[in-house]
Amino acid sequence: MGNPQAAELAGALRLLPSTDELLTTQSAMGLVAKIGRKRLTSLARQAIEEIRQELSREITSRTGRAEAYSKESLLTAAGERLEILWESRRASRLRKVINCTGVIIHTNLGRAPLSRDAIKSIEEAAGYTTLEFDLASGKRGRRGASVEGLLTELTGAEAALVVNNCAAAAFLVLTVFAKDGNVIVSRGELVEIGGDFRIPDVLAQSGASLVEVGTTNRTKLADYDRAISESTKLVMRVHPSNYRIIGFTEKPSLAELSELCRRKNVMLYEDAGSGALIDLSGFGLTDEPLISQSIADGADIVTFSGDKLLGGCQAGLVVGRRDLIEQIRRHPLYRALRVDKLAYAVLEKTLESYLREDLQSIPVLRMLASAKGEVEARARAFADRLKLAAGVASVGIVDGESVVGGGSAPDVRLATTLVSVRHPVFSADEIERKLRSSETPVIARIENDEVLIDLRTVEMTEEDRLLEMLAGVLV
Ligand SMILES: *Cc1c(COP(=O)(O)O)cnc(C)c1O
């Protein structure tokens, strides 16, 4: 090799540590117990490979000199790289965060936080349970019977069934009842919920053909009436969860639609999306379908989510006529979409809270119900504590709004009081980023170069930890 660069590179590469050498360093030895030898070895190889590639780039682009590298410095560099690689692996794991955004059902942060009872029930259900066992007879029991019973009590429906999520529930209902037939949907209800759930696509996937009726803003009962034909399998009503059509609008009530469907002998299915088990209009949520009302109005099947306004875990709840629910239960797709014991445990406790009318125990409802004065009192007390711990940062109080989130009630704004934080040296972006990488990550928002904290979505029991994380970033 006549090329001096190539010779320099070859010389530098000879100084790189071997995997074995890297694994016997103090820092690598410290990681073995946490990572396991096999995984650590593979990370060590990756660390050395990354250093090798960087060396090649530096030398061939002449930004570095061979003299700058020594066996020791490369071993140290590889050791540091190993730790960085491990840290970035760890950072991607599922972590608890403190939600200071004021978005109650935050889809990216796992939607509804669970009630204390529900959390306890997960631990109990984690071992062996009576999932499909009847203690009285010692024989096989029916999976989900208890939760289904609670659902019928709460909604007045004849029967109920639980699947993986509301998207699965809609897909299941359409597959079981509308495959190879027509489904009538208003043009005002052909919605997309969060990118990957689009009503026309779900319909197509289930093997049903979409028959659109009406217009985007107005659909009349007569439009449905005219569209119903021999090949109509069902009429689908979709709650346009995450957007609103306002102004010159019209749609028949569910009761009117039900009367028409009955007369024409066609099934009526409502995808209520979030759906409310109790009347939430007192919290300003006047548009969410009340599931018991939908059943009373004559919907044959209603589906809704377990982890939106209901305040439980991810699940799709299906309620309605007994004959139809049993038909779904017998379909092979139900077996593929059913939920596990942990979901039943959470739903059971959450639904029991509703039946006890103990709404304060369900975090989503508690946060919704927090009056502005209540949040303000907490914000003031928290700001006072933070001022003492925040060094040169300036801490204030400012009016703001919280939102429901989770694709529910997009037009509802809840008046709130925010704690604002400003720092003479660190920018709001910097503070927000550091909060995210705290030991307990804190998710906040920024407005007008201020970091804003909405305690509506922070549990009282999280406040001390939040204070600690803020102080760590600000001082
Ligand atoms: C949210 C929503 C869904 C999807 O529910 P997941 O539980 O997220 O699967 C389906 N339909 C409507 C109308 C919704 O609002």
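The values are calculated or read from the model by the stated rules, or taken from the named source; none is laboratory data. These numbers were taken from a predicted model, which means no experiment stands behind them. With ideal geometry, Cβ positions are generated from the backbone for all residues, glycine too; neighbour counts draw on all protein chains shown. The protein model used for the area step is the full one, side chains on, heavy atoms only, and it has no ligands, DNA or RNA in it. Shrake-Rupley method; radii C 1.70, N 1.55, O 1.52, S 1.80 Å.
Roughly how many Å² is the accessible area per residue of the range 205-273, as a whole number, for a 1.4 Å probe?
It amounts to 50 Å² per residue over the range 205-273.
Let me check I have the definition right: for the range 251-383, take the eigenvalues of the Cα gyration tensor, multiply each by 5, take square roots. What are those semi-axes in whole Å, largest first?
Working from the Cα gyration tensor, I get semi-axes of 32, 21, 10 Å.
Give the whole-number value, in cubic angstrom per residue, of the convex hull volume spanned by the C-alpha atoms of the range 325-364.
Convex hull volume per residue, Cα atoms: 94 Å³.
Using alpha carbons only, how many angstrom separate the centre of the range 212-283 from the centre of the range 301-330?
After rounding, the separation between the Cα centres reads 18 Å.
Can you tell me what share of the DSSP beta bridges in the chain is antiparallel? A percent to the nearest 5 is fine.
Antiparallel: roughly 60 percent of the beta bridges in the chain.
Quickly rank 142-150, 18-26, 227-235 as a protection proxy: mean count of other C-beta atoms within 10 Å, highest first.
Sorting 142-150, 18-26, 227-235 by mean packing, highest first, produces 142-150, 227-235, 18-26.
With charges only on Cβ, +1 for K and R and -1 for D and E, what is the dipole size of the range 222-381 about its Cα centre, in debye, rounded to 20?
Roughly 440 debye for the range 222-381.
How far is helix 463-474 tilted, in degrees, relative to the longest principal axis of the Cα atoms in the chain, given as a value from 0 to 90 rounded to the nearest 10?
40
Along each of its three principal axes, how wide is the spread of alpha-carbon positions in the range 1-110, in whole angstrom units, largest first?
67, 32, 18
Dividing the Cα convex hull volume of the range 418-475 by residue count, how many Å³ per residue is that?
With only Cα atoms used, the range 418-475 gives 71 Å³ per residue.
What's the whole-number percent of alpha carbon pairs in the chain lying beyond 33 angstrom?
54
Counting only helical runs of four or more DSSP H residues, what would the 222 nm mean residue ellipticity of the chain come to if each run contributes -39,500 (n - 2.57) and the total is spread over all its residues?
Theoretical 222 nm ellipticity from helices: -13500 deg cm²/dmol.
Taking the alpha-carbon set of the range 364-462, what are its Rg and Dmax in Å?
Spelled out, the Cα radius of gyration and Dmax of the range 364-462 are 13.7, 40 Å.
From the alpha carbon gyration tensor of the range 113-180, can you work out the equivalent ellipsoid semi-axes (sqrt of 5 times each eigenvalue) and give them in Å, largest to smallest?
One finds semi-axes of 26, 18, 13 Å for the range 113-180.
In Å², and per residue, what accessible area does the range 283-348 have when probed at 1.4 Å with the other protein chains present?
Solvent-accessible surface per residue comes out at 36 Å².
Sort 400-409, 377-386 by packing, meaning the average of other beta carbons within 10 Å per residue, with the highest value first.
My ranking of the peptides, most packed first, is 400-409, 377-386.
Taking each pair of different alpha-carbon atoms in the range 68-121 once, compute 1/r for the pair, average those values, and report the inverse of that mean as the Kirkwood hydrodynamic radius in Å to one decimal.
15.0
Between Val97, Ile362, Gly275, whose Cα lies farthest towards the positive end of the dipole of the chain when Lys and Arg beta carbons carry +1 and Asp and Glu beta carbons carry -1, centred on the Cα centre?
The residue sitting farthest along the positive end of the dipole is Val97.
Cβ neighbours within 10 Å, averaged per peptide: list 297-308, 200-211 in order, most packed at the top.
Ranking the peptides 297-308, 200-211 by packing returns 297-308, 200-211.
At 10 °C and 1.306 mPa s, grab the translational diffusion coefficient of the range 171-266 from Stokes-Einstein with a Kirkwood Rh over Cα pairs, rounded to a whole number in µm² per second.
This corresponds to a translational diffusion coefficient of 116 µm²/s.
Specify, per residue and in Å³, the volume enclosed by the convex hull of the alpha carbon atoms belonging to the range 210-326.
122
Report, for the range 152-234, the % of DSSP beta bridges that are antiparallel, rounded to 5.
So the antiparallel bridges amount to about 20 percent of the total.
What is the distance in Å between the Cα centres of the range 21-51 and the range 138-193?
Each part's Cα centre sits 49 Å from the other's.
List the pairs from Lys96/Lys349; Lys120/Lys308; Lys251/Lys372; Lys264/Lys308 whose alpha-carbon separation is above 27 Å, in the order I gave them.
Lys251/Lys372; Lys264/Lys308, as the Cα separations exceed 27 Å there.
Counting only protein heavy atoms and a 1.4 Å probe, tell me what percentage of the range 340-426's accessible area is made up of carbon and sulfur.
It is 53 percent, rounded to a whole number.
Treating each Cα of the range 307-392 as an identical point scatterer and ignoring solvent, apply the Debye formula and state log10 I(q)/I(0) at q = 0.15 Å⁻¹.
The Cα Debye sum returns log10 ratios of -0.76.
With only alpha-carbon atoms in the gyration tensor, what are the semi-axes of the equivalent ellipsoid for the range 48-173, in Å, largest first?
Those come to 57, 19, 15 Å.
Can you give me the distance in nm between label points at Ala33 and Thr461, each placed 7 Å from the Cα along the Cα-to-Cβ direction?
2.9
Using a 1.4 angstrom probe on heavy atoms only, work out the carbon and sulfur share of the accessible area of the range 208-270 in %.
Here carbon and sulfur together make up 49 percent of the probe-accessible area.
So, in nm, how far is label Phe133 from label Ile84 when the simple model puts each one 7 Å beyond its Cα toward the Cβ?
A separation of 5.2 nm, rounded to one decimal place.
Roughly how many Å² is the accessible area per residue of the range 82-171, as a whole number, for a 1.4 Å probe?
Value returned for the range 82-171: 56 Å² of accessible area per residue.
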